[in-house]
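The structure under discussion appears below in the form of structure tokens.
Read-outs throughout are calculated quantities, based only on the coordinates presented, and are distinct from any laboratory measurement. Everything quoted here is computed from the prediction, not taken from an experiment. So basically every Cβ, Gly included, is an ideal-geometry build from the backbone, and we count neighbours across all protein chains shown.
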Amino acid sequence: MTTAKTTTAETAVEQAEFDRLIESDSRVEPRDWMPEAYRKTLIRQISQHAHSEIIGMQPEGNWITRAPSLKRKAILMAKVQDEAGHGLYLYSAAQTLGIDRETMFEQLITGAAKYSSIFNYTTPTWADMGSIGWLVDGAAICNQVPLCRASYGPYGRAMTRICKEESFHQRQGFEILLELMRGTPAQRAMAQESVNRWYAPALMMFGPPDDDSPNSKQSMAWNIKRFSNDDLRQRFIDMLVPQAEVLGVTLPDPELKWNEARGHYDFGPLNWDEFYEVLAGRGQANAQRVAKRKKAHDDGAWVREAARAYADARMEERLAS
Ligand code: FAQ
């Protein structure tokens, strides 16, 4: 009885300290007490973010062997390797919350954990490397710069480094499209056709409209998310329009129009049925993406076993000395 009372009192003190950290916009660190719901939300978001980076290597990995020049190949390889690194920082950040890598992997393969809808779209043309860099990395930066200030320390710190690399990714995509748009009529047509396919899915990366976003309110109260899905989407569109003018591409939305009174661009409705179909596993490439990830994991079993055997041997040596 006494123990239970003490525990409740202790929890109240810990909760008050957690609330103080959040209210003062300070960082919560792995050693700190945190409410279970906060821990769960972070594990959900960080692990899904990590899965997105790892699955996100596939649509571009598809073009490494077919890049049009040695220079483009080297840049693309570096970018895809960066995504692997982002996945690893993020898995490590999630592990500080008490979940292990094998469990996260199982959640990805069984569909219990999501990854970004955008990576279920296919990349049939070289111009798609430009669109992914410009639109997908552009949306990722817009969403992720505020996450550098996320209340959970390991997540915010991982995001700072990730964002630096993402801005190089965005610029290389923009430059691929710029070169195509300055090329032959066929190259210009290829760039425009690709932008037509990636534009709306990139806008949907920010998540459902605020009214249909069950997690936003609490995540914002905890200083994990700093802006709502719709606010970030609007910010991204406002940023894209002048960049599209420089490129000379048309954004495929006839309702896109500057609204002087709002100080923002108005835009047409998005097809949220398509978004939920992709989330339900019925996108262009869901099955292929997960199967490929599973095969890579299975094929890498011997590396994990060897690394474990080596670590065990080193430990035995240390204990013996
Ligand atoms: N795709 O209540 P909300 C990248 C789910 S990395 C799939 O609004 P929340 C770099 C959401 O999880 C891209 N699912 O949720 C790169 C929730 O379901 P749950 C990844 C989505 O968490 C570039 C449900 O819908 N970035 O691109 C999506 O508050 C090129 C209700 O939604 C991040 O993960 C979606 N688009 O807000 C790599 C950033 N949107 O979990 C390679 C961190 C929503 O309850 C190549 N994450 N859902 O079952 C976030 O900022 C947030 O988690 C949001 C969603 C904004 C994605």
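For Cα pairs less than 8 Å apart in space and 6+ apart in sequence, what is the mean separation divided by the residue count of the chain, i.e. the relative contact order in percent?
Averaging sequence separation for qualifying contacts and normalising by length gives 18 percent for the chain.
Over the Cα atoms of region 213-304, what Rg and Dmax result, in angstrom?
19.3, 61
With N set to the number of residues, divide the alpha-carbon radius of gyration of the chain by 2.2 N^0.38 Å and report two decimals.
Here the Cα radius of gyration is 1.11 times the empirical estimate.
Given H placed on each backbone N at 1.01 Å, which residues far from residue 264 in sequence or on other chains put an amide H within less than 5 Å of it?
Hits under the 5 Å cutoff: 259.
Consider all pairwise Cα distances in region 57-101 and report the whole-number % of them above 15 Å.
In whole percent, the long-distance tail amounts to 52.
For region 259-321, what are Rg and Dmax over the alpha carbons, in angstrom?
Taking only Cα atoms of region 259-321, I get Rg and Dmax of 24.9, 75 Å.
Among 190-203, 297-310, how do they line up from the highest to the lowest mean number of other beta-carbon atoms within 10 Å?
Packing order, densest peptide first, comes out as 190-203, 297-310.
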